[in-house]
Amino acid sequence: MAQRTLIEATFLFFFFFLANFACCKEILVGGKTSAWKIPSSPSESLNKWAESLRFHVGDSLVWKYDGEKDSVLQVTKEAYINCNTTNPAANYSNGDTKVKLERSGPYFFISGSKSNCVEGEKLHIVVMSTRGGQTGGFFTGSAPSPAPSPALGAPAVAPATGAASSLTRQVGVLGFVGLLGVVLL
């Protein structure tokens, strides 16, 4: 009876653990509600924040801001570099913006206020490609890079040597728990 309970517990653990991967994540831009603003220093830029994350197809970016004073524009790379607010692909101004990342490759966002954009209120992210997936669409020009390039105002940062991704760590935990379940049977 104890063995059956252990097997059921292990199965439930795997089920709920893997269910975590079945749905996509909502990512609060900057990690806090007050992040969509002019950065106080280069180390406070949203691009610096984004360098530490991995974005995946199906994830959603969420902005919280005062919609009466600011907005979020999704733009091309050229508009991002030049802070061109005149012809965005998408314009969000409700103060609670959610953008689903539907393809791999680069995404570019700027403030609807040109002066805010010029002062650094903008975001460039790269969505990881799915296995066997292709990049494409309006905003892409080439294969995605792992981090924003220095030409876009943020230094590219290579992943830390020996650093495991969240998925790698979680799969390792699953393997250990599965092995533990087999040994205890």
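Here the peptides 91-101, 71-81 are ranked by packing, the mean other Cβ count within 10 Å, and the order with the highest first is 71-81, 91-101.
Accessible surface comparison of K25, K122, K69, K64, probe 1.4 Å, protein chains only, largest first: the order is K69, K25, K64, K122. By the rule of a C-alpha distance below 12 Å, with chain neighbours fewer than 8 residues away ignored, the aspartates and glutamates paired with K64 are D96. Annotation: lysines with alpha-carbon distance below 19 angstrom to K77 (same-chain offsets under eight excluded): K48, K100, K114, K122.
The values are calculated or read from the model by the stated rules, or taken from the named source; none is laboratory data. Keep in mind that what you see is a predicted model, and the values were worked out from it rather than measured. Please note: Cβ atoms are built from the backbone with ideal geometry, for glycine as well, and neighbour counts cover all protein chains shown. When the accessible area is computed, the model is the full protein with side chains, heavy atoms only, and any ligands, DNA or RNA have been set aside. Shrake-Rupley method; radii C 1.70, N 1.55, O 1.52, S 1.80 Å.
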